[in-house]
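Reading through the structure tokens given below for one structure.
Values quoted throughout were computed directly from the atomic coordinates according to the rules given, and no laboratory measurement underlies them. Here the structure is a predicted model, which means the values were calculated and not measured. A quick note on method: Cβ atoms are made from the backbone with ideal geometry, for glycine too, and the neighbour counts reach across all protein chains shown.
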Amino acid sequence: MLTRKQHELLRFLHDYLEQQGISPSFDEMKEALGLKSKSGIHRLILALEERRFIRRLPNRARAIEVLRLPGDLAQEPEPHGLSPKVIQGGFGEVAAPSPPEDGSRPEASQIEAEVAQLPLLGRIAAGTPIEALQDHSVSVEVPMSFLGSGEHYALEVEGDSMIEAGIHDGDTIIVNRSDTADNGSIVVALIDDREATLKRLRRKGGAIALEPANKTYETRIFPPKRVKIQGRLIGLMRRY
């Protein structure tokens, strides 16, 4: 899902390229979106590029290529004033497997055979933050051996900023719901009560740093009141 401004910029780029044959300047993009600075356009372009909607061609001025359009591009973006979509409620609560009545330990194959249904709440950017979805109509089966006690949910990763931690675009991550995490943990962090991102948590003095695992992305630093921990990464699943 694109944010409203990402949606608007992608549509503007597509229409401008169709009409002019070249990509617009930063000033033209800034004016079209009603932004006050070029830095806002730069962040939107990085977000679209990371999520593979556009590509900037090297060594060429004003050279942006639109790679794909979202399926809802023809629809009107959501109006302002709607409540933000954040991760809350509807998690799969899983208890640790009960031991056999005779007191022996359960066989590994017996544990593997047991699965939990976790809600797949949507996609989360391992890069520039995006809104987290709340789609409880989709679930994934996870072996009980993946999970401990507590509540869990699943998210699909979009982006490559955690690739050096072994987390790839398209992976499904398993998250233990928690509002705290140890320093250095990979967490789902909610920024300003509206945007969620997957990053490594670092506490630096009185600030919180959300650190990527990709040298091409920058660490973002926030005051603690702007960041809420939504969960801690405990595993991932990948299809080949």
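Between residue 42 and residue 192, the simple spin-label model (points 7 angstrom out along Cα→Cβ) gives 1.7 nm.
Stretched out straight at 0.36 nm per residue, the stretch from residue 145 to residue 19 would grow longer than its current Cα-Cα span by 39.8 nm. Other residues whose C-beta falls under 10 angstrom from the C-beta of residue 192 contribute a net charge of +2, scoring Lys and Arg +1 and Asp and Glu -1. Distance from the C-alpha centroid of the stretch 172-208 to that of the stretch 1-61: 29 Å, rounded to the whole angstrom. Under 20 Å of direct C-alpha separation, and excluding same-chain neighbours fewer than eight residues apart, residue 228 reaches these lysines: 85, 199, 204.
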